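Accompanying notes for the structure given below.
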């Protein structure tokens, strides 16, 4: 993992309502409240397809991404499900039944334990097979993973503008 500087924490809503990427910074307190994140998704279908994604990065340690799937059910992705001591991670694991049959342990090689819907970004052009190497890279913090996803999908400039303060 690079650098010793403090890693950013943020929550954003990413959408393409008119075919162009739009990244909106959510209220600071929204990042740790699952209900607020679900509300930030909006109503299913109001932004067209693919639906918006809400992404929370917590101090570079992990990120959580939520998105409506077909029929409006919420899909969830966690970059490192072994971070169960964090309230948001444990709530997402429980609410969406992620890893219910797994025992996540800290990984000595410092790669994460991504879990949930790894095809969350597939409708945007980033299928699970291409996302997994980003999520398991042992040299990337969570904010750097999200930046790599944004770069791959074409909204890196919008993300940088939204989270720069």
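Some notes on this structure:
- Whether a residue is surrounded by 14 or more Cβ atoms within 10 Å (Cβ to Cβ) and on the phi > 0 side of the Ramachandran plot was assessed, and residue 19 does not pass this test.
- Screening residue 158 on (1) exposed (fewer than 15 other Cβ atoms within 10 Å of the Cβ); (2) at pLDDT 95 or above shows it passes everything except condition (1).
- Residue 142 vs. criteria crowded, with 20+ Cβ neighbours inside 10 Å and modelled with pLDDT of 95 or more: no
- Hits in region 128-139 (condition: over 25 Å from residue 49 (Cβ atoms) and surrounded by 14 or more Cβ atoms within 10 Å (Cβ to Cβ)): 136, 137
- Residues of region 145-155 satisfying the condition of being more than 14 Å from residue 12 (Cα to Cα) and crowded, with 20+ Cβ neighbours inside 10 Å: 145
- Residue count, region 22-38 (criterion: surrounded by 14 or more Cβ atoms within 10 Å (Cβ to Cβ) and either at pLDDT below 90 or out of contact with any strand residue (DSSP E or B) (no Cβ under 7 Å at 6 or more places or on another chain) (or both)): 6
The values are calculated or read from the model by the stated rules, or taken from the named source; none is laboratory data. For clarity, every value in this text was computed on a predicted model and none was experimentally measured. Virtual Cβ from ideal backbone geometry, glycine too; neighbours counted across all protein chains shown.
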